[in-house]
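Visitor: Sending over a structure as structure tokens; questions will come in a sec.
Just so it is clear, none of the values below were taken in a lab; they were calculated from the coordinates. Nothing here was measured: the structure is a model prediction, and the numbers come from that model. Counting neighbours? That spans all protein chains shown, and the Cβs are built from the backbone with ideal geometry, glycine included.
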Amino acid sequence: MDHLSLEILEYIEEHSSETYELLLNLGTIPAPSNQEEKRAEFCRDWLVSQGAENVYIDSALNVVYPIGCTRDNPVVVFMAHTDVVFPDMTPLPVEVENGKIKAPGIGDDTANLCALLMCAKYIAGKKITPADCGLLLVANAGEE
């Protein structure tokens, strides 16, 4: 295994508790389809607090973190959606039972959103910019 792969595996292991707590926090934030403002604001603010630059929420409530994007280079996009198909706007119930997290939308797609955010934290912390393309990390609204 190369040095970078080992470094990434170490990052995952070292940040497992933080990732778990982030998942629990995200899981409580209501985000019905087309009403993802609270979760979008949380994601934007969290990314900025982790050192991500130029993060913004667009008019469709997508949280966008552009890295090395120019008019001249191709762009690679990684996304996870923020909405939960659960109509309530109050904090969502999150329960941990026998090591399993139970909450509306926790596996579709909150866990993937959490993974995307933790990848963004790694990229921001290392100030990684791809040499041959731009990168967009997007917490997108409204399902896929």
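Visitor: Given points 7 Å out from each Cα along the Cα-Cβ axis, report the residue 17 to residue 60 separation in nanometres with one decimal.
Guide: Calculated label separation equals 3.9 nm.
Visitor: List the aspartates and glutamates whose alpha-carbon lies under 18 Å from that of residue 121, not counting same-chain residues fewer than 8 positions away?
Guide: 7, 10, 13, 14, 18, 21, 41, 45, 53
Visitor: Write out the GluC sites (Glu not before Pro) in the stretch 1-76 meeting two conditions: DSSP loop, and at most 11 other Cβ atoms within 10 Å of their Cβ.
Guide: For GluC sites (Glu not before Pro) across the stretch 1-76 that sit outside H, G, I, E and B with at most 11 neighbouring Cβ atoms in 10 Å, the list reads 53.
Visitor: For a distance above 14 Å, tell me the whole-number percent of Cα pairs in the stretch 23-94 that qualify.
Guide: 63 percent
Visitor: Continuing with the same structure: With 10 Å bins from zero, work out the P(r) of the chain over every alpha carbon pair and list the percent per bin.
Guide: 12, 40, 34, 13, 2, 0
Visitor: So who's got an amide H within less than 5 Å of the one on residue 102, skipping anything under 5 residues away but keeping other chains? H placed 1.01 Å off N, in plane.
Guide: Answer set, sorted by chain and number: 95, 96, 97.
Visitor: Normalised by the number of residues in the stretch 23-144, what is the relative contact order in percent for Cα pairs under 8 Å and 6+ residues apart? Mind dumping the intermediate values first?
Guide: Details: 234 pairs, mean separation 49.6, N = 122.
The normalised contact order for the stretch 23-144 reaches 41 percent.
Visitor: Divide by every residue of the chain the summed helix terms, -39500 (n - 2.57) for each DSSP H run of at least 4, and state the resulting mean residue ellipticity at 222 nm, rounded to the nearest 500 deg cm²/dmol. Kindly include the intermediate steps, with their values, before the conclusion.
Guide: Numbers: 4 runs with 54 residues, N = 144.
My calculation for the chain gives -12000 deg cm²/dmol from helical runs alone.
Visitor: In the chain, what percentage of the DSSP-assigned beta bridges are antiparallel, given to the nearest 5? Intermediate values should be presented prior to the final figure.
Guide: Values: 10 of 17 bridges.
Beta bridges within the chain, antiparallel portion: roughly 60 percent.
Visitor: The stretch 71-86 to the stretch 95-110: how many Å between their Cα centroids?
Guide: 23 Å
Visitor: Further question on the same structure: If you find the alpha carbon centre of the stretch 46-64 and of the stretch 15-40, how far apart are they in angstrom?
Guide: 14 Å
Visitor: Where in the chain lies the longest segment free of trypsin sites (Lys or Arg not before Pro) that are both loop residues by DSSP (not H, G, I, E, B) and have at most 15 other Cβ atoms within 10 Å? All intermediate terms of the calculation are to be shown ahead of the outcome.
Guide: Details: sites that count: 71, 127.
That would be 1-70.
Visitor: When the chain is fully extended, how far beyond the present Cα-Cα distance does residue 3 get from residue 73, taking 0.36 nm per residue of separation? Could you put the intermediate results ahead of the total?
Guide: On the way: separation 70, 0.36 × 70 = 25.20 nm, distance 2.76 nm.
My answer for the length gained is 22.4 nm.
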